[in-house]
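Note sheet for the following structure.
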Amino acid sequence: NTPQEQVKMPFIDLDTVPWAYEAISTLSDKGIINGREENKFVPDDEVTREEFTKMCVVMMNLDVTDQSIVFDDEKDGEWYLGYISAARKNNIISGKGDGSFGIGEAISRQDAAVILYNILKDKNLTDAGGIDFADSDAISDYAVKAVNALSGSGIINGVGDNMFNPLGKLTRA
């Protein structure tokens, strides 16, 4: 019987993603995400690796004052430096095997799962009981534990037809 908090919705382009409306509005209210333009969220655009990292770092309220370059493809003075540095210091991200982060690349579903797992792994997640996705063999070895733990905990799910689509790209919605 407690009154629900009123959610503000600054975006006018969410009619194609009604399933994501509440999450987008809540995360926007908390300052974790923002639109691509003043009134437009652009829900079908892909999320870059640095954008996803920023969302996670802001959500965790980590200190972003260190603007050190951590990976080979970062550029001095760019907006993402503090977020990537904070995420690396807190063992949330590790970059790619070639020493780069993948600046400007859309983040895959399996890489997002690994980042979320790194954030939540101390929260009693279990890698047992994960969803046996029909395309589980397509999940990279480094991401299997994360996908199993997050799906087993009900944090992530597939894209339909019992598929996870590990290399599929995340959209903003």
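Rundown of residues vs (1) at pLDDT 95 or above; (2) among the hydrophobic types (A, V, I, L, M, F, W, C); (3) open to solvent by 70 Å² or more (accessible area, probe 1.4 Å); (4) not in a loop (DSSP other than H, G, I, E, B), yes/no style:
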{"site": "PRO3", "(1), (2), (3), (4)": "no, no, yes, no"}
{"site": "THR16", "(1), (2), (3), (4)": "no, no, yes, no"}
{"site": "ALA20", "(1), (2), (3), (4)": "no, yes, no, yes"}
{"site": "ARG88", "(1), (2), (3), (4)": "yes, no, yes, yes"}
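Out of the residues in the range 37-57 meeting the condition of being part of a loop (DSSP other than H, G, I, E, B), of a type outside the set (Phe, Trp, Tyr) and in contact (Cβ under 8 Å) with a residue 40 or more places away in the chain, tell me which one is nearest to ALA23 (Cα to Cα). This residue is PRO43.
If the requirement is being out of contact with any helix residue (DSSP H, G or I) (no Cβ under 6 Å at 6 or more places or on another chain) and without any contact (Cβ under 8 Å) to a residue 12 or more places away in the chain, which of these qualifies: ASP98, ASP137? After ruling out the rest, the residue left standing is ASP137.
Residues that are surrounded by fewer than 16 Cβ atoms within 10 Å (Cβ to Cβ), on the phi > 0 side of the Ramachandran plot and without any contact (Cβ under 8 Å) to a residue 24 or more places away in the chain do occur in the range 148-161.
The values are calculated or read from the model by the stated rules, or taken from the named source; none is laboratory data. Note that the structure is a prediction, hence the values are computed from the model and not measured. Using ideal geometry, Cβ is built from the backbone for each residue, glycine included, and neighbour counts are taken over all protein chains shown. Remember, those area values only see protein heavy atoms, side chains included, never the ligands or the DNA or RNA. Shrake-Rupley method; radii C 1.70, N 1.55, O 1.52, S 1.80 Å.
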